[in-house]
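In what follows, a single structure is set out as structure tokens and then discussed.
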Amino acid sequence: WDGGGERTRKINFANLPARATITVYTIAGDIVAVLEHDGVTYTGEDIEWFRKYGDRSQSAKFSVGEHAWDLISRYDQAIASGLYLFTVKDKDVGTVKSGKFVVIK
């Protein structure tokens, strides 16, 4: 969680498979965001934090297993405080792992 405004916050998912789908859910099971991760090509260009605070002369560098999310829902709204669940599906093997995180504003 970094940044000072609704559009400049981010969290990082780590230890991801090289190709994965990250799905974030509310505690009620509603889908908040679906992130397609490709560790070879991911640059973080979709995150405002990198445009505002990053070095504009070069793109952000991530390890193959990292993906940032700006806490903006798939409906282009900042998410509310609360508990969120997420799944990570490995696109190559098909395995699914899950986790949770809390947002406190």
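The values are calculated or read from the model by the stated rules, or taken from the named source; none is laboratory data. Everything quoted here is computed from the prediction, not taken from an experiment. When we count neighbours, we look across all protein chains shown, and the Cβ atoms used for this are built from the backbone with ideal geometry, even at glycine. Ligands, DNA and RNA are stripped out before the accessible areas are found, and what is left, the full protein with its side chains, is counted by its heavy atoms. Shrake-Rupley method; radii C 1.70, N 1.55, O 1.52, S 1.80 Å.
The figures follow:
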{"quantity": "Strands (runs of 3 or more DSSP E) wholly inside region 9-83 that include at least 3 residues being at pLDDT below 95, open to solvent by less than 30 Å² (accessible area, probe 1.4 Å) and not basic (Lys, Arg)", "calculated": "67-69"}
{"quantity": "When residues of region 84-94 are limited to those that are out of contact with any Phe, Trp or Tyr (no Cβ under 6 Å at 6 or more places or on another chain) and within 17 Å of ALA14 (Cβ to Cβ), the one surrounded by the most Cβ atoms within 10 Å (Cβ to Cβ)", "calculated": "VAL88"}
{"quantity": "Test result for VAL32, touching a strand residue (DSSP E or B) at 6+ places or on another chain (Cβ under 9 Å), more than 13 Å from VAL88 (Cα to Cα) and among the hydrophobic types (A, V, I, L, M, F, W, C)", "calculated": "yes"}
